[in-house]
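Worksheet for the structure shown next.
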């Protein structure tokens, strides 16, 4: 009986929205649901395929290993998988690769300086002996020497480190903008803030307070949801870079709505 459906989720659930929104749409249509509106809004699910500060592809190797161990082809976007060679199918585990193949209108909610990513992708190290390590650890977050405090709190970064963090933000934005035509596709949109948080859109005070150009996350999502195939540029919101020498480094005053790091994993 569903008429209006918004597929969402945060963190791993946000990644799942990139991977499975079209599958959910197909299931509902096959069941005869009288759909009038179907869209997806993944939260903090755009995990960047990015080398660590030491130049090691820590996160990519973890994802490749998880794909191979679980034979996960059937759990990925069918369109994405079909577009890859056999050796590259595992890359559909990344939102950046799947995003280009999502046909449902999609609105990405993410921080370009996601607090999980700065620790567990950018400042991470593999477990000793990976992938045959002892124990159940999945990488060592904030383990790169000299980067533990900075990766956990940008206000603890020195000017040089903050410049490096800004580059990560630029790499994040570039990955979104160059994911096929998804960023520019009519009907799509995004709210890419600079707040050092994870899953901030699931926290009431942040959801209604964090803003870009005077538009809050809540307002941006609502405007996009009500629109019909509007130009993506009308619903694309991207934020500032951090100050390197001056403190506070944080450039968006509405980020002060946060109350520490927020995690839903």
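Quick grid of which residues meet (1) at negative phi; (2) modelled with pLDDT of 95 or more; (3) surrounded by fewer than 19 Cβ atoms within 10 Å (Cβ to Cβ):
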| residue | (1), (2), (3) |
| --- | --- |
| 131 | yes, no, yes |
| 146 | no, yes, yes |
| 156 | yes, yes, yes |
| 169 | yes, yes, no |
| 179 | yes, no, no |
| 186 | yes, yes, yes |
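Taking each residue of region 239-265 that is under 14 Å from residue 207 (Cα atoms) and looking for partners that are loosely packed, with under 12 Cβ neighbours inside 10 Å and at pLDDT 85 or above with beta-carbon atoms closer than 6 Å, six or more apart or interchain, yields 257/205. Residue count for region 173-185 under the criterion of being in contact (Cβ under 8 Å) with a residue 24 or more places away in the chain and either under 20 Å from residue 80 (Cα atoms) or touching a helix residue (DSSP H, G or I) at 6+ places or on another chain (Cβ under 6 Å) (or both): the result is 9.
Of the helices (runs of 4 or more DSSP H) that lie entirely inside region 1-86, those containing 3 or more residues that are closer than 29 Å to residue 200 by Cα and touching a strand residue (DSSP E or B) at 6+ places or on another chain (Cβ under 6 Å) span 12-30.
Screening region 164-206 for residues that are in contact with a strand residue (DSSP E or B) (Cβ under 6 Å, 6 or more places away or on another chain) and in a loop (DSSP other than H, G, I, E, B) and picking the one that is nearest to residue 245 (Cα to Cα) gives 195.
Within the span defined as region 105-120, one or more residues are in contact with a helix residue (DSSP H, G or I) (Cβ under 6 Å, 6 or more places away or on another chain), buried (at least 20 other Cβ atoms within 10 Å of the Cβ), assigned to a loop (DSSP other than H, G, I, E, B) and touching a residue at least 24 places away in the same chain (Cβ under 8 Å). Among (1) out of contact with any helix residue (DSSP H, G or I) (no Cβ under 6 Å at 6 or more places or on another chain); (2) touching a residue at least 12 places away in the same chain (Cβ under 8 Å), where does residue 123 come up short? Of (1) out of contact with any helix residue (DSSP H, G or I) (no Cβ under 6 Å at 6 or more places or on another chain); (2) touching a residue at least 12 places away in the same chain (Cβ under 8 Å), only one is false for residue 123: (1). When residue 96 is tested against (1) within 30 Å of residue 35 (Cα to Cα); (2) surrounded by 23 or more Cβ atoms within 10 Å (Cβ to Cβ), only condition (2) is not met.
For region 1-59, the set of residues classified as without any contact (Cβ under 8 Å) to a residue 40 or more places away in the chain, over 20 Å from residue 78 (Cβ atoms) and buried (at least 20 other Cβ atoms within 10 Å of the Cβ) consists of 8 only. Closer than 17 Å to residue 39 by Cβ, over 20 Å from the mean Cα position of the chain (by Cα) and in contact (Cβ under 8 Å) with a residue 60 or more places away in the chain: does that describe residue 223? In short, no.
The values are calculated or read from the model by the stated rules, or taken from the named source; none is laboratory data. Because the structure is a prediction, the values reported are computed rather than measured. Every residue, glycine among them, receives a Cβ derived from its backbone with ideal geometry; neighbour counts consider all protein chains shown.
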